[in-house]
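> Structure provided below as structure tokens; questions to follow.
The values are calculated or read from the model by the stated rules, or taken from the named source; none is laboratory data. Everything quoted here is computed from the prediction, not taken from an experiment. Here Cβ is always computed from backbone atoms with ideal geometry, including for glycine, and neighbour counts include all displayed protein chains. Only protein heavy atoms, including side chains, enter the accessible area calculation; ligands, DNA and RNA are left aside. Shrake-Rupley method; radii C 1.70, N 1.55, O 1.52, S 1.80 Å.
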Amino acid sequence: MTAEIIPERIQIESSGRRLEGLVYTPLRPSGKQVLIVQGRNEMLYKYQDFSRQLCDSGIQVTVYDHIGQGFSPRITSDPEMCHIDSFDTYVTDLGNVIKSLSNTMPLTVIAISMGGLITLKAVQRTEIMKSISRLIFISPFLGIRQPVPTFMIKALSHLRDLLSTPFSRNEPVFFYFNDRFRKRTVGLDANTHDIQRNESYYSLYSQYPEAKLGGMTTSWLRAAITCLNSVWSYRYDMDVPCLFLAAEKDNMVSSAEIMRFAEKLAASSRIKPNIVRIKNSLHDILIEEDQYRTPAVAAILNFIKLSDET
């Protein structure tokens, strides 16, 4: 390992807002760069170890917080609400983040969970797609894990709005009542089997309490369903290499839907996606135990390095 790389804190202008970000600059640059598009309820420092691993391979890494979470500005008066009216807002932000990056280095986008859904919506826009050389999807949100049809979930979200107090009828409300930030426990509801990495992640919120986020609002859920429908109905013809990493025991999103989408993409695209299923892994592959994390990181690095040969 090289000397520890200290990331630079940056701000990225988007639609009159300033999104918070970090840039990890390698000591021995390889001329490649990665943009990490995070999932729901994540924050800048979650993937420090992974970002430094990429840097040790000469890859410049940029990560940013979505509007409404992490260190970026909140949308609601309640800072713990995960809220959005339309995923198009996330897509526009992603496009502006990409515009802020160097156009002299090939760009690999690594999209995680909700970030996967945002990215798949974004690459429907030609001006965004033409800036990307490679795409990596890690546990992408391509299906709700609950065995309930999305139209039913959407109906329940409207019912939840009706059950809100008269004073908050025009204000965003949590889909689950009082769905505040909480720590997840390994063996119970955590997204990883690794106790130490889980503790390290949640300790960040003791250090940075302003980054805490609770559950989704009813509006966020409906916006997510609308975006899911758009992504599934769109006919993609990918002309860049793609890698899908799916957690076999994913406890947050549907692993089966990830595999089905990747197969659908393979049938419609000029360049067929690579698909890797991490056996027995939970959702958070990048902070999982080494037996799951190590082969995933190796697959990512090998996939990025393939660009040396193409």
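> Please identify the trypsin sites (Lys or Arg not before Pro) of the stretch 208-310 that satisfy two criteria: DSSP loop assignment and at most 14 other Cβ atoms within 10 Å. Which are they?
Of the trypsin sites (Lys or Arg not before Pro), the ones in loops of the stretch 208-310 whose Cβ has at most 14 other Cβ atoms within 10 Å are Arg235, Lys249, Arg270, Lys279.
> Okay, moving on. Stretched out fully, how many nm does the piece from Asp49 to Tyr205 gain, at 0.36 nm a residue minus the Cα gap?
Net length gain for the segment: 54.5 nm.
> Here is a follow-up. Carbon-plus-sulfur fraction of the accessible area of the chain, 1.4 Å probe, in percent?
51 percent
> May I ask for the Rg/Rh ratio of the stretch 8-143, computed from Cα atoms with Rh as the Kirkwood radius, given to two decimals?
That ratio is 0.94, to two decimals.
> For volume of the Cα convex hull per residue in Å³, the listed values are (i) 150; (ii) 132; (iii) 178; which was obtained by calculation from the structure presented?
Matching the structure shown: (ii).
> Taking just the alpha-carbon atoms of the stretch 106-245, what radius of gyration and Dmax come out, in angstrom?
18.0, 52
> Can I ask one more? How long, wide and thick is the stretch 163-249, going by the Cα atoms along their three principal axes, in whole angstroms, largest first?
46, 43, 24
> Looking only at the chain, where both bridge partners belong to it, what percent of the DSSP beta bridges are antiparallel (to the nearest 5)?
Antiparallel: roughly 35 percent of the beta bridges in the chain.
> Please check the chain for the longest run free of GluC sites (Glu not before Pro) that are loop-located per DSSP (anything but H, G, I, E, B) and have at most 10 other Cβ atoms within 10 Å.
5-308
> Same structure again: How much solvent-accessible surface does Ser72 expose, in Å² to the nearest 10, with a 1.4 Å probe and all protein chains in place?
Counting only protein heavy atoms, the figure is 10 Å².
> On full extension of the chain, what length is gained from Glu171 through Thr185, given 0.36 nm per residue of separation minus the C-alpha to C-alpha distance?
Gain on extension, Glu171 to Thr185, equals 1.9 nm.
> In whole angstrom, how far apart do the alpha carbon centroids of the stretch 151-200 and the stretch 91-112 sit?
Comparing the Cα centres of the stretch 151-200 and the stretch 91-112, I get a distance of 30 Å.
> Using the crude model of +1 on Lys and Arg Cβ and -1 on Asp and Glu Cβ, and no other charge, please compute the dipole size for the stretch 128-222 relative to its Cα centre, in debye to 20.
Once rounded to the nearest 20, the dipole reads 240 debye.
> Next question, about the same structure. Please give, to one decimal in nm, the separation of the simple spin-label points placed at Asn251 and Val23, each 7 Å out from Cα toward the Cβ.
Between Asn251 and Val23, the simple spin-label model gives 3.8 nm.
> May I ask you to derive the relative contact order of the stretch 183-264, considering only C-alpha pairs under 8 Å and at least 6 residues apart, and to give it as an integer percent?
Relative contact order, the stretch 183-264: 20 percent.
> Oh, and also: Within the stretch 117-194, report the trypsin sites (Lys or Arg not before Pro) that DSSP leaves as loop and that have at most 15 other Cβ atoms within 10 Å.
Arg125, Lys130, Arg145, Arg169, Arg180, Arg182, Lys183, Arg184
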